[in-house]
Amino acid sequence: MKLVFLVDDDPAVTRLLGRVLREAGWEVETFDSAEAFLARSRPERYGCLVLDVSMPGLDGLELQRRLRETGQSLPIVFLTGAADIRMSVQAIKAGAADFLTKPVTSDALAHAVRTAFDNDAADRVARAERAMLEWHLAILTGREREELVVAREGSTSRSQATSASSSRPSGATARASWSARRRARPPS
């Protein structure tokens, strides 16, 4: 079950939105301040953060900044009682998934959280694939890099063989070597 962290200083809002999110099928952990969220007992748990912008002490935008600085990548759906364009632009530019105004409908909140989870999952897959590609590129020899460039430009093995010196392996041989190493997995 996916986890939603709900941070709002208003207990009535926390109870109501917590119930809405649970009814939508998510596990919910509630916090009455940004400081309480930062001090949570298991910070390694992943989830979506539904975050009030205006709270006493550490506000939502500052919490977003701190999470980003410490490398904690959580999708964030902001809530605010007072719509402020400057604030919403700042939050979105800093990576927020959405910015909703209170009172928010159950459907709008559930949709925003669902979309935040979906988009974040796609981003995580893309980052993992990019890291794997970068690792594979890093293990190529100089000759394999040359062959990759030539292959990318659409050259055939035959044209590569006629242009390469006889002491170099053919394009097909280099690609076979690269393919074998490509199937290797990066060290964990």
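The values are calculated or read from the model by the stated rules, or taken from the named source; none is laboratory data. Keep in mind that this is a model prediction, so the values were computed, not measured. Cβ coordinates were reconstructed from backbone atoms using ideal geometry, including for glycine residues, and neighbour counts include every protein chain displayed.
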Does L79 satisfy being under 18 Å from T101 (Cα atoms), in the same structural domain as A110 (by TED's automatic domain parsing) and either of a type in the set (K, R) or surrounded by 14 or more Cβ atoms within 10 Å (Cβ to Cβ) (or both)?
yes
Over region 87-102, the set of residues surrounded by 18 or more Cβ atoms within 10 Å (Cβ to Cβ) and either modelled with pLDDT of 90 or more or aliphatic (A, V, I, L, M) (or both) is M87, A91, A96, A97, D98, F99, L100
Log entry, pairs with first residue in region 79-91 being closer than 19 Å to D10 by Cβ, second being among the basic types (K, R), beta carbons closer than 6 Å, six or more apart or on different chains, reads L79/K102; G81/K102
Go through (1) in a helix (DSSP H, G or I); (2) touching a Leu at 6+ places or on another chain (Cβ under 9 Å) and name the single condition V89 misses.
(2)
Flagged pairs (Cβ under 9 angstrom, 6 or more apart or on separate chains; first in region 111-126, at positive phi; second hydrophobic (A, V, I, L, M, F, W, C) and not in a helix (DSSP H, G or I)) are none
Residues to consider are A97, A39, A82; find the one that is under 18 Å from F117 (Cα atoms) and small (G, A, S).
A97
Checking R40 against (1) touching a strand residue (DSSP E or B) at 6+ places or on another chain (Cβ under 6 Å); (2) within 21 Å of R15 (Cα to Cα); (3) not aromatic (F, W, Y), only one condition comes out false. Which one?
(1)
Considering R15, R45, R68, which residue is over 22 Å from A122 (Cα atoms) and surrounded by fewer than 19 Cβ atoms within 10 Å (Cβ to Cβ)?
R15
Checking the structure you have, find out if any residue of region 166-174 is over 30 Å from V28 (Cβ atoms), modelled with pLDDT under 65 and surrounded by fewer than 11 Cβ atoms within 10 Å (Cβ to Cβ).
yes
Just checking: which of the helices (runs of 4 or more DSSP H) contained wholly in region 1-70 hold 3 or more residues that are assigned by TED's automatic domain parsing to the domain that holds V113 and without any contact (Cβ under 8 Å) to a residue 12 or more places away in the chain?
11-23
Pick from region 1-12, criterion under 19 Å from L63 (Cβ atoms) and touching a helix residue (DSSP H, G or I) at 6+ places or on another chain (Cβ under 8 Å), ranking: surrounded by the fewest Cβ atoms within 10 Å (Cβ to Cβ)
F5
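Residue-by-condition table, conditions (1) part of a helix (DSSP H, G or I); (2) assigned by TED's automatic domain parsing to the domain that holds A12; (3) at pLDDT below 85; (4) aliphatic (A, V, I, L, M):
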residue: Q72; (1), (2), (3), (4): no, yes, yes, no
residue: V104; (1), (2), (3), (4): no, yes, no, yes
residue: L109; (1), (2), (3), (4): yes, yes, no, yes
residue: E134; (1), (2), (3), (4): yes, no, yes, no
What about T141, is it surrounded by 15 or more Cβ atoms within 10 Å (Cβ to Cβ) and over 21 Å from E27 (Cβ atoms)?
no
